[in-house]
Amino acid sequence: MAAAASGGSVAGLCPLLLLLSLVPGPAAGSAGMLQPRDTPSRERKELGGLWSFRADLSPGRDAGFAQRWYRQPLRQTGPVIDMPVPASFNDITQDPSLENYIGWVWYEKEVLLPLRWLQGSPSPRVVLRFGSAHYYSIVWVNGVQVVEHEGGHLPFEAEISSIVQGSPGTLCRITVALNNTLTPHTLPPGSIQYMSDKSRYPKNYFVQNTRFDFFNYAGIHRPVVLYTTPSVYIDDITVTTTSSENVAMVQYQVAVVGSTDYSLSLSLRDQEGKVVATGDGPEGELKVLNPNLWWPYLMHENPGYLYTLEVKMQAQVNGALLEDVYTLPVGIRTVHVTSTQFLINGRPFYFHGVNKHEDADIRGKGLDWPLIMKDFNLLRWLGANSFRTSHYPYAEEIMDLCDAYGIVVIDESPGVGIKLPESFGNKSLQHHLAVMEELIRRDKNRPSVVMWSVANEPASELPPAAFYFKTVIAHTKALDPSRPVTFVTDANYALDHGAPYVDVICVNSYLSWYHDSGHLEVIPLQLTAQFENWYKAYQKPIIQSEYGADSVPGLHSDPPLMFTEEYQKAMLREYHSVFDKKRKEYVIGELIWNFADFMTNQGTTRVLGNKKGIFTRQRQPKAAAFVLRDRYWKIANESSCLPPVITSHSLFL
């Protein structure tokens, strides 16, 4: 809750978002989005730490724009506080108004750049990049607007060379205005509800309504970096792989910006540094003999095998030789879907994994390395071979570890909560298409990503969903023909208008929880019917993409009652008995909801958040974690090509 924008009859804070039209500036473009790396030709400077922060508490949330806060140091505009980056701002202070704040907040960081970045002929490009900021961002450097971006979970960047290279030795001031307002046309959607009853609510009182079950954390959530490239540079690389018997082919495309007169050479190295293939030119094919394939965790004794592709560009600029080098991890693997199986490298793959959230105490959705490593250690302890990025793209740092550890990923867009008819209109559709372009541009080269998910639990029973999902899925396939595409449904199989267009059916159901609450005995009949109905209708493999029950740690009851650890265990076992029958036919995976407890909006069914985790929010195991661990290691032993002595101890502990 917060003070509303003036003119309460309009749709929430939309007037504040419309304010953007009065602040013209460059938008995030459609160029390449290579992850910044240190190479012989590139440098990075990370800008994490404490930034100055100010929430715009004016009635219209527009004081920052009216007074042009970006034209001077933020501390000169009024009171500021220190705010860690990356982090959500909501839980950092003791101020309850900031916990639930809706509107514009302002961040600022002043940095000194190395002189070598600002001098030379030709001088290097200097690029400012944000891993993500939620939700709508406008960025200025030294008072000059450089980029604006819509969306809370994907990177954006801007070249700032011309601004910073004119004043070497002086501080570079980076200002960010960030708005977390959601509308029916954002991803995820939301709406603002004004409470007009003056006998019950203060003047201009409003709340933001969402139709998803996680807290709408806001802030600069992922690293902010400055990096350099030469003035002629490698802008994008696209890699796809095929393999047959003892030969693999690595197809590549390289885009160079800044000149048309350049040469390209490529070297593919194995993990020992040995060159196994070479090539040249902007597109071609590398032949790898006796390749080490990229295998999922527990499917091979050496999972997550990555080669390194080194791309080297040389160009003549004003008589000077420029060189740019970029290195890209490459995993050689194939993906194929039949009517009953999901094949990785030609072998059946069964998803036994989790759904997650980027969520933790204090930091909210802010990237945190100790938490990331704890989560990956728990995943491997659990015997999980996969997860879905529910319900938005996760940080690149997390995806890097999935590639390296062999954790298979269903990469999901932030299309969650698409429930209202107006969210299926052309404005929403065009934004959804743009988001898929950004997601695929970022993650297209990752071997861990085996399938795209364009949405979670939309109102796909509505008639407009047919054209909407036909269009989004066709667009996704056109951008990346190498991977299957799905969305996650909770609709009735006979009413779902989007299911005809997916490659894999992903179904969420909470039998004996949201339906027939407390009646575990109905699960076998209802779950069996669910699978059989979906398969009869579509003849496509099925993943149980969510199932679960809340459990309060330490709450016990025998016989099992809802919210106890015993009930969560009993519910899992009922589901698993059906999974074991149907995975012999066409069920290709099971993803528990959820890996860990997470924060939600307050409500009468939520006690400090959603408690469906098999781990607490502090990553301590509940009883259900041990049930799932025993199951996943048993499945791994049954399906692995390794000797049947695999245990959680022999490969991990």
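Quick notes on this one:
- Placing a label point 7 Å from the Cα of V144 along the Cα-to-Cβ direction, the residues of region 228-255 with a backbone N closer than 19 Å are 228-232.
- Accessible carbon and sulfur surface of region 335-639 relative to its total accessible area, %, 1.4 Å: 57 percent
- Dividing the mean sequence gap of close Cα pairs (under 8 Å, 6+ apart) by how many residues region 335-639 holds gives a relative contact order of 19 percent.
- Accessible-area composition of region 107-165, carbon plus sulfur, in percent [1.4 Å probe]: 47 percent
- The calculated FRET efficiency for N209 paired with L115, based on their beta-carbon distance and R0 = 41 Å, is about 0.20.
- Taking Cα centre as origin and charging only the Cβ of basic (Lys, Arg, +1) and acidic (Asp, Glu, -1) residues, the dipole magnitude of region 73-159 rounds to 420 debye.
- Label-to-label distance, nm, for residues given as E532 and E461 (7 Å Cα→Cβ offset): 2.2 nm
- Note on exposure: Y307, Y233 ranked by accessible area (1.4 Å probe, complete protein assembly) read Y233, Y307, with the most exposed listed first.
- Unit charges at the beta carbon, dipole of the chain: most positive-side option, L572, L321, Q208: Q208
- Solvent-accessible surface of protein heavy atoms, probed at 1.4 angstrom with all chains present, puts D403, D213 in the order D213, D403, largest first.
- Region 384-400 - phi-based ³J(HN,Hα) in whole Hz, Karplus 6.51/-1.76/1.60, Gly and Pro as x: 7, 9, 6, 7, 9, 7, 6, 10, 5, x, 8, 4, 4, 5, 5, 5, 4
- Solvent-accessible heavy-atom area per residue, rounded to whole Å², over the chain at 1.4 Å: 39 Å²
- When each of the peptides 360-372, 497-509 is scored by the mean number of other C-beta atoms lying within 10 Å of its residues, the order from highest to lowest reads 497-509, 360-372.
- Extension gain for K477-T604 works out to 41.6 nm (0.36 nm per residue, less the C-alpha to C-alpha distance).
- Rounded to the nearest 20 debye, dipole of the chain from Cβ charges on Lys, Arg, Asp, Glu: 480 debye
- For region 252-378, a simple Cβ point-charge model (Lys and Arg +1, Asp and Glu -1, everything else neutral) yields a dipole of about 400 debye relative to the Cα centre.
- Extension reserve of the E46-M249 stretch, reckoned as 0.36 nm per residue once the Cα distance is removed: 69.5 nm
- Looking at region 335-639, the DSSP beta bridges with both ends there are about 25 percent antiparallel.
- Working from Cα pairs under 8 Å separated by at least six residues, relative contact order for the chain is 12 percent.
- Label positions at Q193 and Q72, each projected 7 Å from the Cα along the C-beta direction, are separated by 4.1 nm.
- Counted residue by residue at 0.36 nm each, then reduced by the alpha carbon distance between them, the extension gain from D400 to Y201 reaches 66.9 nm.
- Between the C-alpha center of region 537-608 and that of region 79-97 there is a gap of 34 Å.
- Cα centroid separation - region 472-498 against region 280-297, whole Å: 29 Å
- Cα-Cα over 19 Å, subset of K365/K477; K536/K582; K569/K622: K365/K477
- With every protein chain in place, region 233-330: carbon and sulfur % of accessible area (1.4 Å): 43 percent
- FRET efficiency estimate (nearest 0.05) - Cβ-Cβ, S517 to T338, R0 51 angstrom: 0.85
- Cβ crowding within 10 Å averaged over residues, with 448-455, 186-193 ranked highest first: 448-455, 186-193
- Among the listed pairs K203/K612; K45/K374; K203/K356, those beyond 32 Å (Cα-Cα): K203/K612; K203/K356
- Virtual spin-label span in nm between D270 and Q316, 7 Å along Cα→Cβ: 3.9 nm
- Lysines whose Cα lies under 27 Å from that of K274, excluding same-chain neighbours fewer than 8 positions away: K287, K312, K444
- Other-chain or far-sequence residues with amide H under 5 Å of V335's (modelled H): N345
The values are calculated or read from the model by the stated rules, or taken from the named source; none is laboratory data. These numbers were taken from a predicted model, which means no experiment stands behind them. Every residue, glycine as well, gets a Cβ built from its backbone with ideal geometry; the counts of neighbours run over all protein chains shown. The accessibility values were calculated without ligands, DNA or RNA, using every heavy atom of the protein model including side chains. Shrake-Rupley method; radii C 1.70, N 1.55, O 1.52, S 1.80 Å.
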